[in-house]
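Here is the structure we will look at, set down as structure tokens.
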Amino acid sequence: MSVDASALGAHRVLEPDGVLPQVAWKLDATPVARPNEILCDVEALNIDSASFRQIAEANGGDVDRVAAHVMALVEERGKHHNPVTGSGGMFVGRVRSIGETLAGQIDLHVGDRIASLVSLTLTPLCIAAIERIDMASGRVWIRGTAVLFASGLYAKLPDDIADDVALAVLDVAGAPAQVRRLAQPGQSIAILGADGKSGMLSCAQARERVGPQGRIVGIAPDKSTQAARLLVDHGYVDAFLEADARDAFAIMNAIPRVLPELADLTINCVNVAGTELSSILLTKDQGTVYFFSMSTSFTAAALGAEGIAKDVTMIVGNGYAKGHAATALQTLRDHPPIAAYFTARYGS
């Protein structure tokens, strides 16, 4: 069976030849919907946590320098693809036009407001102006355009959840959906970065799945944050370990107090590099580590596990799972304490 390369966006690749858009260094971001494309007017970018943290730190936290950095990156590459972290984010916008091949074949119409569910690392993007940046959330309000290919995933923004909150949830939709698949009744689960967006939604799904006989341990550098206290107070975690996930020895020494038999499943949701060995050390032999974090070095994970003779299954943090957008949004609806936190934290 032949593959329609244009449906995957190969025709937008400027360099190098012979690759798909995510791998490409530069894309053609001309704001015209070709026959199998959707052109959107972009209102905001939600830059992924690892990428935004790196950009902010590289620019000393100065909002104007961060804006200039983002503009220059997109102008250079035709997409938002951070060359340091290798990650991008997602956008929210309104459909401007639909190519003739797709028109009438998909559940979109001109004027629909959507959030992209594919990475900005493969999305042709033009920015005319950056209007505002929220340094706390990594959200960047812009005037610009983006192109979705026939293979591109998207979600119509729901009527019952504020746009900014829905965007925050959809940005990490893969995590709760994958946890729902992986977690089993009675398991012990460790969640690194439990107090972040993906971590909190993962805690909620883990709690549902493991049931009363299971055990969930949240891990983050500060257990006094509002998010960490919420997870403890509402029973989403059975214990909260205050530790830096980059410090494998600290994790190794502290974990027996809260998880004596180690974890059947470890979920890594952090936004910093260097946490691979901690994740592996937390996990039982023949257990599973799910690396949702885009800061993960899979070389470090594979060779690290080999170096300490740890037999664990390691799963790449695929941001996509069938039905992940619906699962993530429903997770928020089903857990009012987390929904209230997201509304206060990420709402306009």
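Quick note: the coordinates plus some simple rules give every number you see, no bench work behind them. In this text, all values refer to a predicted model and were calculated from it rather than measured experimentally. Cβ: placed from backbone, ideal geometry, glycine included. Neighbour counts: every protein chain shown.
Values computed for the structure shown
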read-out	value
Residues with amide H under 5 Å from that of V289, placed H, sequence gap 5 or more	T266, T313, M314, I315
Only Lys, Arg (+1) and Asp, Glu (-1) charged, at Cβ; region 174-346 dipole about Cα centre in debye	500 debye
Reported label for calculated semi-axes √(5λ) of the Cα gyration tensor in Å given (i) 38, 24, 19; (ii) 35, 21, 20; (iii) 30, 25, 19	(ii)
Rounded tilt (10° steps) of 248-258 against the dominant C-alpha axis of the chain	60 degrees
With Cα atoms, 0 to 90° folded angle of helix 49-58 axis to the chain main axis	80 degrees
Nonlocal amide H pairs with V270, under 5 Å, H built at 1.01 Å	S293
Region 5-157, relative contact order in percent, only Cα pairs under 8 angstrom and at least six apart counted	32 percent
Residue among V32, V217, V110 farthest towards the positive dipole end of the chain, charges placed on Cβ	V217
Whether region 155-229 is rounded, prolate or oblate, judged on the alpha carbon gyration tensor where a/c under 1.5 counts as rounded	oblate
Ascending count of other beta-carbon atoms within 10 Å, so fewest first, for T343, T85, T275, T331	T343, T85, T331, T275
Residue order, fewest to most surrounding Cβ atoms within 10 angstrom, among Y320, Y341, Y290	Y320, Y341, Y290
Amide hydrogen neighbours beyond the local backbone of G144, cut-off 5 Å, H modeled	V42, A128
The chain: relative contact order in percent, alpha carbon pairs under 8 Å with at least 6 residues between	15 percent
Test item: Cα-centred dipole of the chain, Lys/Arg +1 and Asp/Glu -1 on Cβ, debye	340 debye
